[in-house]
Structures are given as structure tokens and as C-alpha cells.
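Since the structure comes first, as C-alpha cells, the remarks are kept for the end.
Laboratory data are not the source of any read-out in this text; all were calculated from the coordinates shown. Computed from a predicted structure; not experimentally measured. Cβ placement follows ideal geometry from the backbone for every residue including glycine, while neighbour counts extend to all protein chains displayed.
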Amino acid sequence: MTALLEARGLGRRYLGGDGRPIDVLTGCELSVSRGEFVAVTGASGTGKSTLLQILGTLDRPTAGTVSLDGVDFATCPPAALATLRNRKIGFVFQFHHLLREFSALENVMLPQLIGGVAPADAERRAAELLGAVGLAARLTHRPAKLSGGEQQRVAVARALVNSPVLLLADEPSGNLDAANAEHLHGLFAELSRRFQAAVVVVTHNRSLAERADRVLTLEEGRLVPEAREQVEAS
């Protein structure tokens with residue numbers, strides 16, 4: 001299967017407070033295909049969020065390359081990277097960051113309206129996605145009237161509204177109770193196949209990792225495949 005997302009030899013170095021270099025990523029490799037759901041686990045502070053930021057063009061590596069749908073990030077000037085990010089990458093974070101004064105429908109419509117989509121078309125697409133995440137009956141509710149799990153599902157719909165080829169999520173269920181977390185975990189597995197997006201989720205949650213097609217652990221700056229038997233036994 002042809003990879004949609006390719007990361008080769010990724011390195012990321014920072015300078016510590018004492019001026020000494022700190023290598024967070026060292027020769028990190030990742031390949032993800034359309035419709036594939038990959039979970040990235042690892043101890044806190046190992047660089048999982050840094051990896052996600054590089055994959056999402058929010059940070060640049062100090063070594064190695066990343067390409068998405070045949071486009072090498074290193075060849076793109078900032079404006080082109082911003083366009084690629086807006087059109088081809090969706091983000092879901094631990095905190096949903098919804099606009100409180102807007103309804104669920106309006107929150108999901110917003111990225112399309114900013115991109116110049118006609119309001120009627122944006123509304124139709126937003127309603128379709130909210131239905132896909134189980135919120136067809138909650139379109140007009142503002143975030144304060146939605147549960148934490150419902151708000152996070154709105155955030156997922158918003159991330160999908162521009163039909164991204166890559167969906168990145170950083171601890172998406174970290175702020176949810178067990179029941180809402182389980183609902184969200186199933187949703188990621190379903191959406192990766194339904195929308196044929198490559199999905200990369202950083203998580204400490206073993207239940208979410210078990211839903212993935214593959215689990216990779218970030219250790220000493222590199223991604224190490226985790227055996228399915230090990231995931232299920234954790």
C-alpha cells in the first residue's frame with residue numbers, strides 16, 4: 001500500500017537552559033497509508049507532541065524529511081505550508097478549543113467560511129459531519145450546553161470539515177471520563193476508514209491504542225513497533 005505520510009530520519013534538537021543541545025528525536029521513521037490508524041505511545045517527555053507538531057508542519061525538524069501526499073515539507077515556503085496545513089491536515093487536541101459564542105454547527109462551519117466556501121455549502125458539510133459523529137440532534141447547541149465528550153466530537157468534526165488527508169490528535173481523550181473516552185476511541189477507528197484519512201494519535205490511553213491498526217512507541221528519539229500481543233496484555 002502506498003504511504004500517504006512519510007517521515008524519514010527525523011531529528012529535532014533544542015538548546016537547554018545551560019546552552020547544551022538536547023536531542024528529542026533522532027532518526028525517527030514513520031510511514032502511514034490512507035485509511036490507516038496509527039497510535040503513538042511513550043513516556044511523558046519523550047517527544048511525542050514534538051513529533052506531532054513536525055508532522056503537522058507546526059515545527060520543522062533539524063534533520064530528516066517529511067512528505068504528505070507527495071509534497072516534501074522542506075521544499076515549501078511558509079505560505080505554501082500554511083495552505084497545505086489548512087487544506088490537508090486536521091488537528092484534534094486534548095482540549096477542544098471551541099468558540100463558546102457559536103453553536104456546534106457554526107464551530108464546524110468556521111474553517112470552511114474562512115476558506116471562502118459558500119455559507120449554504122459550509123452548513124451542509126458541517127451538518128453531515130456532526131451527524132457522522134453522532135451529534136445530529138445537537139447542531140444548535142453552544143459548547144456550554146454540550147458534555148465534554150460531545151464537545152470533543154464537535155472538535156473532531158471541525159478537524160474533518162475540509163476533508164483532510166491526514167488527521168493528527170494529541171491525547172484527544174485525556175480530558176474525558178471513561179464512557180466518553182471509549183465513545184471517542186471507537187470514533188477514531190471508524191473515521192479513519194470511512195473518510196480514508198491517515199490518522200496519527202498520540203496517547204497514553206491503552207484502550208485507544210488497542211483500536212489502532214498499529215502501535216508505535218517513542219523511545220530514545222525513535223519509533224519502535226509494539227507487538228499486538230503486548231498492546232492487548234497492557
Exercise. Mind checking the full-extension length gain between residue 163 and residue 175? Use 0.36 nm per residue of separation minus the Cα-Cα distance, one decimal, nm.
Key: 1.8 nm
Quiz item: Do any GluC sites (Glu not before Pro) in region 141-234 lie in a DSSP loop with no more than 13 other beta carbon atoms within 10 Å, and if so, which?
Solution: 220
Quiz item: Nearest 0.05, what FRET efficiency do residue 22 and residue 80 give at R0 = 25 Å with Cβ-Cβ as r?
Solution: 0.25
Exercise. Taking the Cα centre of the chain as origin, work out the dipole magnitude from +1 charges on Lys and Arg Cβ and -1 charges on Asp and Glu Cβ, in debye rounded to 20.
Key: 500 debye
Quiz prompt | Label point distance in nm, residue 147-residue 13, each placed 7 Å from Cα along Cα→Cβ | solution = 4.9 nm
Quiz prompt | Which of 35, 212, 155, positive extreme of dipole for the chain (C-beta unit charges) | solution = 155
Quiz item: Among 44, 173, what is the fewest-to-most ranking by other Cβ atoms within 10 Å?
Solution: 44, 173
Practice problem: Tell me the trypsin sites (Lys or Arg not before Pro) within region 74-180 that lie in a loop according to DSSP and have at most 16 other beta-carbon atoms within 10 Å. | Solution: 100
Quiz prompt | Distance between region 125-152 and region 9-72 - C-alpha centres, whole angstrom | solution = 32 Å
Quiz item: So what's the Cα pair-distance distribution over region 121-234, bin width 10 Å, in %?
Solution: 13, 43, 32, 10, 2
Quiz item: Once the piece of chain linking residue 69 and residue 136 is laid out straight, how much longer is it, given 0.36 nm per residue of separation minus the C-alpha distance between them?
Solution: 21.0 nm
Quiz item: Which value, to two decimals, describes the C-alpha radius of gyration of region 1-120 once divided by 2.2 N^0.38 Å?
Solution: 1.24
Self-check item: Relative contact order of region 1-67, defined on C-alpha pairs under 8 angstrom at six or more residues apart (%)
Solution: 44 percent
